[in-house]
Amino acid sequence: MADKSTIAAIATGTGGGVGMIRLSGPEAFSVADRVFHARNPQKSPLTMPGYTAALGRVTDEDGTLDEAVCTVYRAPHSYTGEDVVELTCHGGAYVLKKVLAATLSAGATLAEPGEYTRRALLNGKMTLTEAESVVDIIAAENDQSLRAAQGALEGALSRAVTEAADALTDICAHIAAWIDYPEEDVEEVAGAALQERLSSVRERLSTLKKSYDRGRLIREGVSTAIIGSANVGKSTLMNLLSGEERSIVTSIPGTTRDVIEDSVRVGELTLNLKDTAGLRDSDDPIEQIGVEKSRAALKNCDLVLAVFDRSLPLTAAEREWLPLLKGRAAIALFNKSDLGCGLPAEDRAEIERNVRRTVTLSAKEREGLGELERAVTEVVGLEGFDPHAAMIANLRQLGCITAALSSLEEGLSALRAGETLDAVSVCLEESADALLKLSGRRASAETVDKVFEQFCVGK
């Protein structure tokens, strides 16, 4: 049930040229009328048509606070589905706080974090998955994460989930009608046809589940370990990608003794880089700790950039850890292309057998970065990224999809085992219920509260 109070909050960052206070609720126009006075005396928030604006001033009990533009949105044609007024004034922190205080004195209450979007959800203006995408839009740090969040806000995931839930609900209704009304002309529920329909839904849900890893990489960035033997150019590569001297570069092996981290842009992706200590045996106890951290980074990362010195043959140590790259999202970087090639063909072939892609470059001379960008996109599976495709955005959504798939698999197993259609239908209803929880159509108040914990005040 929607809240009947009228809320107000600063809906923009402070310190810019302009700032905005948003009012939403049944008394939004009345509150605005008490603090806003249009230059044209014929205009008032109480009587202005929706989607219109007026220039005037905002006042409190002590007088004029600022010049402002008042924009009116009449329910249900607003972001929240309620009557909404936006007061746009200058963006200084002090003046915005004064204008907000004036609206609170005039009868509004301070909005809670995410309360505007929560009201949009409760008033049917968006689904829970679309509401979650608002957080992702605000948090987006690259073009791909922004486009993915926009696709979710446009309803890509919501539509896919709703279609799957509706398909399962229709099947359950068909089963119930065929069982309960045998005298009616209801189409028989045939096992083979039913299995085909359920397999189609399962395929769609499996595709959605697989999208989680891709979505995570786009939103959070690709956890990337730069590994290799000592003195092959790992730190030079780190500095090149970072655009600054994040790692110490010398000709002395073992300079990097800890894992150095930074986030960088490579094309449209964010790489969360970890420059690791050289993978080699060492008598230095401090360097040994660094090497162990390197092995841990290698084990837990999404992408491995394995650096090799192109001017030298493979070492025994490199041959020892090279098989660890097999089956991983790994790119071999043949560094120091500015020097003569001393890597034998058989050594190169051995490396290529253990990685998905190779790139020849010179980190020192800044050569080969374009090829590295293309290789990264390909190896992490983001080539041909479609921002309009349905994509799982968080663990809550993944949990719902996983539960829906599990129940659907149980239903299919029951069907193949020849169990009653009633038993099959129970499994399908559980699967549909998990999907409806994902979209918010059957989400509990606790689930909704958890989602909106991530929001800031003013959104």
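Points worth noting:
- Within segment 378-402, tally of residues that are farther than 30 Å from Ala432 by Cα, open to solvent by 40 Å² or more (accessible area, probe 1.4 Å) and in contact (Cβ under 8 Å) with a residue 40 or more places away in the chain: 0
- Positions within segment 427-447 being open to solvent by less than 40 Å² (accessible area, probe 1.4 Å), closer than 21 Å to Glu154 by Cβ and modelled with pLDDT of 75 or more, in sequence order: Leu435, Leu436, Leu438, Ser439, Gly440
- For segment 116-131, the condition of being open to solvent by 20 Å² or more (accessible area, probe 1.4 Å) and closer than 19 Å to Ile401 by Cα holds for at least one residue.
For every residue, the table says whether it meets (1) at positive phi; (2) of a type outside the set (A, V, I, L, M, F, W, C); (3) in contact with an Asp or Glu (Cβ under 8 Å, 6 or more places away or on another chain).
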position	(1), (2), (3)
Ile7	no, no, yes
Val31	no, no, no
Pro41	no, yes, no
Thr47	no, yes, no
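- Ile175 being at pLDDT 80 or above, among the hydrophobic types (A, V, I, L, M, F, W, C) and under 10 Å from the mean Cα position of the chain (by Cα): no
- Of the strands (runs of 3 or more DSSP E) contained entirely in segment 19-104, those carrying at least 2 residues that are touching a residue at least 60 places away in the same chain (Cβ under 8 Å) and within 35 Å of the chain's Cα centre (by Cα) fall at 84-91.
- Restricting attention to segment 235-259, the residues being touching a Ser or Thr at 6+ places or on another chain (Cβ under 7 Å) and at pLDDT 80 or above number 3.
- Close contacts from segment 333-356, counting a first residue that is at negative phi and a second that is basic (Lys, Arg) and loosely packed, with under 12 Cβ neighbours inside 10 Å, with Cβ to Cβ under 9 Å and a gap of 6+ residues or different chains, come to Arg353/Lys326; Asn354/Lys326; Val355/Lys326.
- Looking only at segment 344-372, and only at residues there that are hydrophobic (A, V, I, L, M, F, W, C) and more than 19 Å from Ile226 (Cβ to Cβ), the one that is least open to solvent (accessible area, probe 1.4 Å): Ala349
The values are calculated or read from the model by the stated rules, or taken from the named source; none is laboratory data. Just so it is clear, the structure is predicted and the values come from calculations on it, not from any experiment. Using ideal geometry, Cβ is built from the backbone for each residue, glycine included, and neighbour counts are taken over all protein chains shown. Remember, those area values only see protein heavy atoms, side chains included, never the ligands or the DNA or RNA. Shrake-Rupley method; radii C 1.70, N 1.55, O 1.52, S 1.80 Å.
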